[in-house]
Amino acid sequence: MSPFTLRSPSSLDEIGGVPLAGGTDLVPLVQDGLVEASELANIRELLPRGIDGDRIGAGTSLAEIERSPDVPDALREACRLAASPQLRAMGTVGGNLRQATRCWYWRLGFPCYLHGGERCHARDGEHREHAIFGNERCASAHPSDPAAALLALRARVGTTRRTLPLTDLYRLPTDDDRDVVTLERGELILWIEVERPDASAYLKAMDRQRFSFPLVGVAAARFGADVRLALAGVAPIPWLLGSPAELGDAKPLPGTAYKVELADALVRRALDAVATG
Amino acid sequence: MLELQVNGGFYRLEAPDERTLAEALRDDLGLTGTKIACGEGHCGACTVMLDGTPVLSCITLVHTVGPREITTIEGLRDHPLVDAFVEADAVQCGFCTPGQIVSAAALMRANPQPSREEIRHALAGNLCRCGTYPKIEKAIYRGASQGSPASLLPQS
Amino acid sequence: MPRLLKTEREVEGRVEESWILVEEDALDQWPAGPLVTVGRPAARVDGRERARGEARYTADVRLPGMLHAAVVRSPHAYAVATRVDLERALAAPGVRAAIGPGDAPGLAAEAGHFGAPVAALAADTEAQARAALELVDVEWDVREPLLDPDEAVARGELHGKPRRHERGDVDAALAEADVVVEAEYRTQTLLHNALETHQAVCEWEGDRLTVYVSTQYIWEVRDQVADELGIPRDKVLVICRFMGGGFGAKNDPGDYTLVAAVLARRAGRPVRCALTRREENIGAGNRNATIQRLTAGARADGTLVALRGEYVCALGWDGWLPSTAGPMQMLYACENVETVEYGARLNTPPMAAFRAPGFVEGVWGLELLLDEVAAKLELDPLEVRMRNHADADPKDARPFSAKNLMECYRRAEPHWERRDDVRSRSDGPWRRGVGLATQIWFGSAAPPSYATVRLESSGRATVGTAMQDIGTGTRTAMAQIAAEELGFPLERVEVLVGDSSRGGYAVVSGGSSTTSTMGPAVRSAAADARRQLIEIAAQRFGVEEGILAVQDGKIVAAHGGSWPVEEVTRLLEHAQIVGKGACGPNPTGMRVLTFGVHVAEVAVDVETGEVRVERVYAVHDVGRIVNPLGASSQVEGGIIQGIGHTLSEQRLLDPSSGTVLTQTLDAYKLPTIADTPPEIVCEFVDRPDAHLTNLGSKGLGEPPIIPIAPAIANAIRDATGADVRSLPVTREEMLRALREAREREPVHTSQPV
């Protein structure tokens, strides 16, 4: 790990360097040199924290959301099934939306497309955990469970500079810009606002019963007659599914074809779960 | 100079900014009961409590701890869970055990009478390669049903 | 009177004959069943130290002036370092010593796998050492790696010669068989992931070397380190008071210990060399993958007439060929058997022993094959197993020293009979079923091994041996055995292990040989001490020795007198009674094995491929059980580790570069507490092997991991009709097997040919 300076700014306006809150993803990334940071800014105490009606402070931990009776089922369940108790106690929901992929090629520092290189190593390599949508250039999978739930819940995100729908927070990496989020340098997520659905659910398939990133996560939220579906673990970004039929447009790699079948089963179940209630 | 509150005592130390809490506890304060098994937040061996909440000390930068009270296994040595673990044979090689007990103590602090399902949910972040899980579940379940809730809180 | 004897030892399937020096083993075995201390549940004598975080592991050793080592590893699967320049690294802040290829055993210019160690350095802090790695300049001549095991066999890239076994006439028997089943089975590469990584701290004092090391085999470390460094063996002291697991991968010193020793000598300071978790998963050993092409022929009644197996074992750059065909050769009474095993030499990290190496893999293929035979014949799988029971070793007709497998089957029956009920609890997409599998593994002792028991004036006893407690509860079992023989309460017995100066040679904590080997040595040492105690008591109280015994810490006389042991030991003052003991030979001309049966109940979600193990019944025949509580933990642990092997664990390599991709524990998925079956029922036949040592106990560390994967896979077939033949049974494998089964329908039942 290259040494860095850790600062504790007194307000969010003064942040230089990389913002640090829960640190569950950032600290290992800095330790591995995957995030180059000469300066970290500890903003844990500065971020809005807590749940107020439909608004959730970005500094709220996943554990707090898991315990809250006030959040929609899909979000609570997505938090409950994410990571481990210790990580949920540390990790913030704002940070969770920004967490990096678990793609082993990216994590091990291969000069892959997402790192700015020429090609995606996963496409021709080992990719059982990888994407079935949006994977032409980079086949990494976005690991956030809460992000899929929040997409289904029509979440809006407030940053230090603007308010935007959560869908607009994410972008597929392009030749010009390999980032998967649209945040500008220094822009911070402050809060997330969800719409209250009539019913919602989150279903997750993983390699073990707990403490695993999603192979496929499916969130469904019903607003009146309209059901919104979003998926985790299937694309480089959380994936909004316009309709169940769109699963037919998936372009799986040889090793991820099973994820289409898995998503299909979970989507049907999620639709059943939100049909009533 | 950094000040830490650990197991009811105060410690002063100098540490570079990149120092983790686990390193500070083990190497600066000599509290080696907290183990490091993966060093990157994937196994739970380094679990300690911050203000009663279980966290991973190997990915917590020590300078971000602030005034929060740190509880390590050294602060739980007289916790009834220790005997419950030994009596149930919930200790094999023992390398994960301090972390397991810290997580279990945090669970019982929040939920003095956890169900088996709740135990499994709350301990899922502590890997045990020896596969001691059935005995760990039993130890916590018995420890919780036998001790009075108050006696199971960390002594601080 | 010491005797020189020849004995056979069989450690993890490797049989050797050796001369052993045995002091005496004239003790009769104790009667079967629970005794005063032995055979009764005991909490671990060192449980509190471990639970309270007081136990000092190698990872906790901090010596004054200690340096930290870091190892330069090959980024290529196959390459030769044509130049290694340490100059820049040596000039880096804090760096005190650096060594390159040839400077320490294990550091080589030819890097045969990703992560192979090439150079190493030591610095004041771990961070400085890791930072300096970047400054070691290495020029690589990169070669094309060989990664495919079948291709290695085709090209003759093998470790040793192919190992063949042939008996009878397989072709003729297959031609006459009523049914023939052929299938290919696969097992994956698995990583040990003991939570304490491989590590050592080495410190020189003059020409003496002290090695603190996380090891399963203190004596082997002592001997190998001394031999490699060219110093007398008695100049090396090896210490391992507590260790955080090994599972077979810590049977020798490893390059890290030798690197630490050489760096410590160069720097003149103690050096710690500890693998990171990632290094652990790259280079600390693995359970090798296998490809098994198997054939079985049977008569309509289920009698096996022929077995044939080709086993390709992907050993990697280094390693040895574990007996993967052993179960096919030894488990069932079949006259015509032909096996061949290849040890593929690949540019992948080397294998190391991993809890029943070879037999875990071999039983997987064999026990699935047997269920496929039963399915084709529409016979009950349990009945087929009982029908093919071997009454003597089918390889060479040797008698078994003891075999209670039929009793295991009988005890398993009520659990097996739950399957109609279990199946009927299928619910929506969740299909339920039951499967079983048999285990076979070696059970002999591995003499020599020595122990002492010392009685002091306090009336307490101390067992001394130079063995180690890998985490299985060895200290506790030894304390129980000594207490039983001495007639002392358990709490009056201290066991000192984990230090090569604490006794004579002691066996490896591996090959399930610890209790079977050290137990008899400790018992005979305790008997020697008790004899001396009684001799002294007889003089003290003026009675015949023959009427005295020791019970519950008291000397008792046949005529009714009773004195606390202290009344005698007090006389000793600083004098001490020292009893000596050794493990006696294995029975001559007999096959000493363990057996057992697992019955697994599973639920399979046929839409998502999720598999849950809901209940496991386990019964094992491992001779006398010393500590039923610790023994049940061993069985549960084996089952849970085996569930990881079955459902979630696999080491993956990048197929073009040979890089290990699953280096971290988010990618390599060990089971969690939530993956544990809600119910595990664990039983033992608990009958001493009358021919084996003065104890009649066999090891239990390895047996419980052997039959769990095939029991689960057979249950999956019972639940869904799908054949899983490849491990692990991840979502994709389960969904693939379900798809295949659907496509096969309605041809669901096949008739005998």
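Matching residues to (1) at pLDDT below 95; (2) more than 30 Å from C:THR646 (Cβ to Cβ):
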position: A:VAL180; (1), (2): no, yes
position: A:ARG185; (1), (2): yes, yes
position: A:TRP191; (1), (2): no, yes
position: A:ALA199; (1), (2): no, yes
position: A:ASP207; (1), (2): no, no
position: A:VAL216; (1), (2): no, no
position: A:ARG222; (1), (2): no, yes
position: A:ALA245; (1), (2): no, yes
position: A:LYS251; (1), (2): no, yes
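Here C:ALA175 meets each of (1) buried (at least 20 other Cβ atoms within 10 Å of the Cβ); (2) assigned to a helix (DSSP H, G or I); (3) not charged (D, E, K, R) with one exception, condition (1). Within segment C:379-405, the residues that satisfy the criterion of being of a type in the set (A, V, I, L, M, F, W, C), in contact with a Phe, Trp or Tyr (Cβ under 9 Å, 6 or more places away or on another chain) and part of a helix (DSSP H, G or I) are C:LEU382, C:MET386, C:LEU405.
Please tell me if B:ALA139 is more than 12 Å from the chain's Cα centre (by Cα), at pLDDT 95 or above and farther than 15 Å from A:SER84 by Cα. Yes; evaluated as a whole, the condition is true for this residue.
For segment B:78-99, filtered to residues that are in contact with a helix residue (DSSP H, G or I) (Cβ under 7 Å, 6 or more places away or on another chain) and either in contact (Cβ under 8 Å) with a residue 60 or more places away in the chain or on the phi > 0 side of the Ramachandran plot (or both), the residue that is farthest from the other protein chains (Cβ to nearest Cβ) is B:PRO80. Go through segment C:1-53 and give me each residue that's at pLDDT below 95 and aromatic (Phe, Trp, Tyr). Residue satisfying the conditions is C:TRP19 alone. Determine whether segment C:516-527 contains at least one residue that is surrounded by fewer than 24 Cβ atoms within 10 Å (Cβ to Cβ), within 30 Å of C:THR215 (Cα to Cα) and not polar (S, T, N, Q). Looking through segment C:516-527, at least one residue is surrounded by fewer than 24 Cβ atoms within 10 Å (Cβ to Cβ), within 30 Å of C:THR215 (Cα to Cα) and not polar (S, T, N, Q).
Filtered by the rule that a residue be among the hydroxyl-bearing types (Ser, Thr, Tyr) and either surrounded by 17 or more Cβ atoms within 10 Å (Cβ to Cβ) or more than 21 Å from A:ALA78 (Cα to Cα) (or both), segment A:226-258 gives A:THR256, A:TYR258.
Screening segment A:38-67 for residues that are farther than 21 Å from A:THR160 by Cα and in contact (Cβ under 8 Å) with a residue 12 or more places away in the chain and picking the one that is surrounded by the most Cβ atoms within 10 Å (Cβ to Cβ) gives A:LEU62.
Checked against the criterion of being farther than 17 Å from C:ASP621 by Cα, among the β-branched types (Val, Ile, Thr), in contact (Cβ under 8 Å) with a residue 24 or more places away in the chain and not in a loop (DSSP other than H, G, I, E, B), segment C:728-750 has no qualifying residue.
Selection within segment C:102-159: residues that are part of a strand (DSSP E or B) and of a type in the set (Gly, Ala, Ser). The member of this set that is farthest from B:ALA24 (Cα to Cα) is C:ALA111.
Is it true that C:GLY459 is in contact (Cβ under 8 Å) with a residue 12 or more places away in the chain, crowded, with 24+ Cβ neighbours inside 10 Å, among the small types (Gly, Ala, Ser) and outside any helix (DSSP H, G or I)? Here the answer is no, as C:GLY459 does not meet what is asked.
The sole residue among A:LEU87, A:LEU97, A:LEU108, A:LEU114 that is buried (at least 23 other Cβ atoms within 10 Å of the Cβ) and within 11 Å of another protein chain (Cβ to nearest Cβ) is A:LEU87.
Of all residues being acidic (Asp, Glu) and out of contact with any helix residue (DSSP H, G or I) (no Cβ under 9 Å at 6 or more places or on another chain) in segment C:694-744, which is surrounded by the fewest Cβ atoms within 10 Å (Cβ to Cβ)? Just the residue, please. Of everything passing the filter in segment C:694-744, C:GLU743 is surrounded by the fewest Cβ atoms within 10 Å (Cβ to Cβ). Scanning segment C:268-288 for any residue that is of a type in the set (Gly, Ala, Ser), out of contact with any Lys or Arg (no Cβ under 8 Å at 6 or more places or on another chain), in a strand (DSSP E or B) and modelled with pLDDT of 95 or more turns up at least one such residue. Residues in segment A:1-33 that are of a type in the set (Gly, Ala, Ser) and in contact with a helix residue (DSSP H, G or I) (Cβ under 7 Å, 6 or more places away or on another chain) were compared, and the one that is surrounded by the fewest Cβ atoms within 10 Å (Cβ to Cβ) is A:GLY23. The single residue among C:GLU702, C:GLU679 that is within 22 Å of C:GLN292 (Cα to Cα), modelled with pLDDT of 95 or more, in contact with a strand residue (DSSP E or B) (Cβ under 6 Å, 6 or more places away or on another chain) and within 14 Å of chain B (Cβ to nearest Cβ) turns out to be C:GLU702. Taking segment C:660-676 only, how many residues are facing chain B (nearest Cβ under 10 Å), over 15 Å from B:LYS135 (Cα atoms) and not in a loop (DSSP other than H, G, I, E, B)? Result for segment C:660-676: 0. Taking (1) of a type outside the set (Gly, Ala, Ser); (2) surrounded by fewer than 24 Cβ atoms within 10 Å (Cβ to Cβ); (3) in a strand (DSSP E or B); (4) within 14 Å of another protein chain (Cβ to nearest Cβ) in turn, C:LYS580 satisfies each apart from (4). The strands (runs of 3 or more DSSP E) located wholly in segment A:160-277 that include 3 or more residues which are under 26 Å from A:THR24 (Cβ atoms) and of a type in the set (A, V, I, L, M, F, W, C) occupy A:189-193, A:199-205, A:216-223, A:226-232. Against the test of being touching a strand residue (DSSP E or B) at 6+ places or on another chain (Cβ under 7 Å) and either in a loop (DSSP other than H, G, I, E, B) or of a type in the set (A, V, I, L, M, F, W, C) (or both), the options C:VAL550, C:VAL568 yield a single qualifying residue, C:VAL568.
Per-residue answers, yes or no, for (1) away from chain B (no Cβ under 14 Å); (2) crowded, with 24+ Cβ neighbours inside 10 Å:
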{"site": "C:GLU601", "(1), (2)": "yes, yes"}
{"site": "C:ARG612", "(1), (2)": "no, no"}
{"site": "C:ALA618", "(1), (2)": "no, yes"}
{"site": "C:LEU629", "(1), (2)": "no, no"}
{"site": "C:GLY642", "(1), (2)": "no, yes"}
{"site": "C:SER648", "(1), (2)": "no, no"}
{"site": "C:SER657", "(1), (2)": "yes, no"}
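Considering only residues in segment C:462-501 that are in contact (Cβ under 8 Å) with a residue 12 or more places away in the chain and charged (D, E, K, R), the one that is surrounded by the fewest Cβ atoms within 10 Å (Cβ to Cβ) turns out to be C:GLU494.
Scanning segment B:40-54 for residues that are buried (at least 24 other Cβ atoms within 10 Å of the Cβ), under 10 Å from the mean Cα position of the chain (by Cα) and facing another protein chain (nearest Cβ under 7 Å) yields B:GLY44, B:ALA45, B:THR47, B:PRO54.
When the residues of segment A:22-39 are filtered to those that are facing chain B (nearest Cβ under 9 Å) and in a loop (DSSP other than H, G, I, E, B), the one that is farthest from A:ARG196 (Cα to Cα) is A:ASP32.
Just to be sure, is A:ALA263 within 14 Å of another protein chain (Cβ to nearest Cβ) and either modelled with pLDDT under 95 or out of contact with any helix residue (DSSP H, G or I) (no Cβ under 8 Å at 6 or more places or on another chain) (or both)? It is false that A:ALA263 is within 14 Å of another protein chain (Cβ to nearest Cβ) and either modelled with pLDDT under 95 or out of contact with any helix residue (DSSP H, G or I) (no Cβ under 8 Å at 6 or more places or on another chain) (or both).
The values are calculated or read from the model by the stated rules, or taken from the named source; none is laboratory data. This one's a predicted model, so the numbers in the text were calculated from it and none came from an experiment. All Cβ positions, glycine included, derive from the backbone under ideal geometry; neighbour counts span all protein chains shown.
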